[in-house]
Structures are given as C-alpha cells and as structure tokens.
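*Asks:* Encoded as structure tokens, here's the structure I'll be asking about.
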Amino acid sequence: MTPLFKPALILHGGAGNLERSRLPPDLYAQYHASLLRYLRSTKALLDDGASALDAAVHAVSLMEDDVLFNCGRGSVFTSAGTIEMEASVMVTSATGGGGPGAMKRGAGVMGLRNVRHPIQLARESLLRSGCAPDGRPTADGGSMHAQLHGAYAEERARAWGLEFMPDEWFWTKRRWEEHRRGLEGDDGRATLALSQGTVGCVCLDSEGCLAVATSTGGLTNKWPGRIGDTPTLGAGFWAEAWMDGEVALQNGVYQVDGEKPAGGFWDVTLGECVAPLFGRAKKNASRDLEARVHRSRAAAVSGTGNGDSFLRVAAARTACAMLRFSGGTLAGPVNAVAGRGGELQRSAGQRWGVTGEGEGGMIGIEADMELPESYGREADEKRLRRGKVVFDYNCAGMWRAWVEEGEDGMEIERVMVYREPYR
C-alpha cells in the first residue's frame, strides 16, 4: 500500500525526582545510550514498514530487559519483597479503518511474577479476542476481556508460548537496596517511593495507525496486589481515532450525514455549540450554506509517574478527550494534565512536593488528516503527512527520546531528561 504518513515515535523512561544531584555523568551516560539505542532500533522497524503495534512492543520489550528501568528485569519490589509487574497496549487507526486490535483496541495485564516480557503478554491479550468481527467464536485462545490479573494471566502466557524466567533473574541489587531502605522498624512496614523508571512508547506507522505500549514494576514497596495506572485503560495510557465530520448546515439546521439528529432539540443555537464535536459547519448570513468536513484525527498517549494520581484523574483519557471535544492540538491537553500546575499536580493538594503524589509526565503523538469527499485513498494527495510528537511533565525531569525534523528537513535524534540539555 502507498504510505500515508512519515513514521514517528517517542519513548519515555520514567519521570520524578531526577534532580541533577541524583544523576551523575556516568549514570546519565548509561540512560542516554540505552534510550538512543532503543530509539534507533524502533525507528528502523517503522521505516521498514512495521506496524505501530509491533514497533511499540519491540521498544518496550528492549527496555524490559534493561535493569536501568522500572519494568521487567529492573522492576521494583513490593513491601513483601516480591515483584509484581504490569503492562498495557492500545491501538487505533488514523484512517478509521480496522487492523490489529480493531475489536478490543486496548488490553492491560497486571500482578505478573515471572513473565519475562509483560508487554508481549499484553499484546497477545489484545490480539486474541476469542471471536470474529461478526461475533462467531474463534480458536485463538483469547477473550474480549480488557484486563487480566495474576496467576490466570500467567497461565495464558504459558499457553501462548511466552518466555518465563526464575525469580533470581529479576532480582537486582539496586532495586533490593531501594526496598530495604524503605522498610521501617521491625514490623516490616514500608515507605512508598516513586521509582523513576516506568517505560512507554508511542508509535505512528506509515498507514496512519497509532499504538501505545507501557510497562512498569509499580511503586517501590507498594502493597502486594496493588494495581496502578499502567494496566488501567484511560489512566496511564490511551489511544483513539475519530472522524471530525461530516456535518452540514441546511435550512438553518445542523444535520449529521444528511439527517437531523433524533431528539428534536438541535436548533441552530445548540448546533453551534455542539457541532465542533462532529465537525465544523458555518452559516452565511445571506444564504444557507452546506459545509462538509471529512477529517480523521487520532491521538495516543503514555504516562509515567505517580500512578495513583494518574488513576484519580483518568489522566490519559482526559488528555485525549480534551483534544477530541475541544479541538486544538494535543500539546495543550498534555500540558493541562501533566504539565506544571496541571491536573496531576492539583490533585495532590497540600501534599504536592512532600509525598511525590501528583508527580509525573506524559508523551504522545497526534495524527491529523483531511480526507477527500469519497473517503477514498486513491483520490488523496500524493504526499506523506507527519504526526506531531508532544510531551510534558511537572517534576524535576522525565527521560524521553524521539526523532524530530530539523529546519533543513533532516531528522534529528533527541534524548533528554530535563528541559535543557544535561550539563
């Protein structure tokens, strides 16, 4: 197929208390090298025609094997000294079509103990729906469940041929020392700590499909059984596509697809208020004007930080909903939710800056395409469109890596932790 978009991607490797004093040059160099390597590897897949889903899962799988990050092998310990991992994926199509995950779109797995790559279990859970598009059952061994937990999720992973590793493979000295430092007294009570290593990747492929993949070990010394934002749809991740049109104004009444919406309350005044949810229709004072819009939009985001705060404000879905129903660009909603003074920060109230509550960041990509009257690809313009990579955070720093276009049209690789270059 003829490509529609220039592939794009962005990774995050954690956000939180990342002051310069806590990040010496040698440790910075390790993070920088890892993220740059994973960025290049994933970009190469997308450029070779890989789907956004496969590319995003590829990137997160690499980070799950890297002990620098709080996921997979580098996961933190619970208050009981165990490891419980979480992961999620979600997909959409910027052109409104089908494709992988078109039936379920999102899946999360949680409470995993020995699955080497939780993100790959999330991917299998997404793709194995247990039924065909027409509702007939299939033999793929899956279900329409959006979330799977614990021992049964691990059973599914074994049945689907995923790799398992023993407990000692996941043990790292760094995470164990974090766990021990958080324990208080002889009763084994523990102090929660925000680990800065939750990982995620958002990809846009050449077909205009977006995918997000996120993986984490959670909070250091979390209670066993705690479920965070990473596997929870709408909290730590989200992806969706929608059509902005078509809306027509005929004889003073807004109409959708040629019919006045049911309910009898769509007069011109109300139509002017809610028409932006479906498209843009304009009225000419001198004559009735029929204006039609064929526009497909899509967005995908991944969050990292204090997961309970992301859950309380449904952070990921909130950002995407702001874009969908209010217009503009994704950068504004991401800033309003995850930026300084945003919804996450406000949710902490007086505890902001004391407990780590509300701290975090978000990455994302939006794709925007106006379609021809026929909605047909063959009639579309012969040029590659570009997605828009965005990010913001409200804390000391957020590890992220992405590729952007320079003024001369050349691609520039970026790996950053602060708003300014590391010095």
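*Asks:* Working out 0.36 nm times the residue gap between residue 134 and residue 407, then minus their Cα-Cα distance, what length gain in nm do you get to one decimal?
*Replies:* The span from residue 134 to residue 407 would gain 93.4 nm if fully extended.
*Asks:* Quick one: net charge around residue 129, please, counting Lys, Arg +1 and Asp, Glu -1 for every other residue with C-beta under 9 Å from its C-beta.
*Replies:* +1
*Asks:* Contour minus end-to-end for residue 414 and residue 48, with contour as 0.36 nm per residue of separation and end-to-end as the Cα-Cα distance?
*Replies:* Taking 0.36 nm per residue and subtracting the Cα distance, the gain is 129.7 nm.
*Asks:* While we're looking at this one, here's another question. Using Cα centres only, tell me the gap between segment 201-219 and segment 148-174 in whole Å.
*Replies:* Using only Cα atoms to place each centre, the spacing works out to 21 Å.
*Asks:* Over segment 1-149, consider all pairs of different Cα atoms and compute the Kirkwood hydrodynamic radius from their mean reciprocal separation; express it in Å, one decimal.
*Replies:* When all Cα pairs of segment 1-149 are included, the Kirkwood radius is 17.3 Å.
*Asks:* Given a Förster distance of 51 angstrom, what is the FRET efficiency for residue 423 paired with residue 144, based on the Cβ-Cβ distance and rounded to 0.05?
*Replies:* Efficiency at R0 = 51 Å is approximately 0.50.
*Asks:* Checking a compactness column here: for segment 71-174, what do you get for Rg(Cα) / (2.2 N^0.38 Å), N being the number of residues?
*Replies:* 1.18
Any read-out appearing in this document is the output of simple, stated calculations on the displayed coordinates, not a laboratory observation. Since the model is a prediction, treat every value here as computed from it, not as a measurement. Note: ideal-geometry Cβ built from the backbone for every residue, glycine included; neighbour counts use all protein chains shown.
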